[in-house]
Amino acid sequence: MLLGPESFHSLSRAEVQYTNLNTASWANGDTTITYTYDNNGSVETKTTVTSSVIKKVVTYHYNLTGRQDKVTTDDQAGTEHIVEYIYNDEGIRVQADSYDQPAGGGAKSNEKTVT
């Protein structure tokens, strides 16, 4: 499904059910951004393609309560930027840990914690 401004307006009015929205794309010139969604309507991936070459893939992970607990950005240059979120017992996000890591695993670098 290719989305334009009118489609986003329809989505904001909930005219499209999340369970029917598995993939959506937005194009501008030679760049296309494609989103995939899980059955809850949460974004699973965002892929940016320019001139038929994948430039960036962002993967979103959610915990069992549906809260985002990890975001991985693969720059397609061999490094992944990872942010992991920690929640308290009330479900409030209280900490974000970020770091870079070679794609596929390896030693962490540029580690930062924000509370």
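Worth pointing out:
- Theoretical gain in end-to-end length, Glu90 to Ser42 [0.36 nm per residue, Cα-Cα removed]: 15.2 nm
- Summing Lys and Arg as +1 and Asp and Glu as -1 over all other residues whose Cβ lies under 14 Å from the Cβ of Thr45 gives a net charge of 0.
- Overall form of the range 32-87 per C-alpha gyration tensor (a/c, 1.5; a/b vs b/c): oblate
- Computed about the Cα centre, the dipole magnitude for the range 63-115 is approximately 60 debye when only Lys and Arg (+1) and Asp and Glu (-1) carry charge, each at its Cβ.
- Other residues whose C-beta falls under 15 angstrom from the C-beta of Tyr60 contribute a net charge of -1, scoring Lys and Arg +1 and Asp and Glu -1.
- Förster-model FRET efficiency, 25 Å R0, Ile54 and Glu111, C-beta, rounded to 0.05: 0.40
Only the coordinates and a few stated rules stand behind these numbers; no lab work does. Quick caveat: nothing in here was measured; it's all calculated off a predicted structure. Positions of Cβ are backbone-derived with ideal geometry, glycine not excepted, and every protein chain shown enters the neighbour counts.
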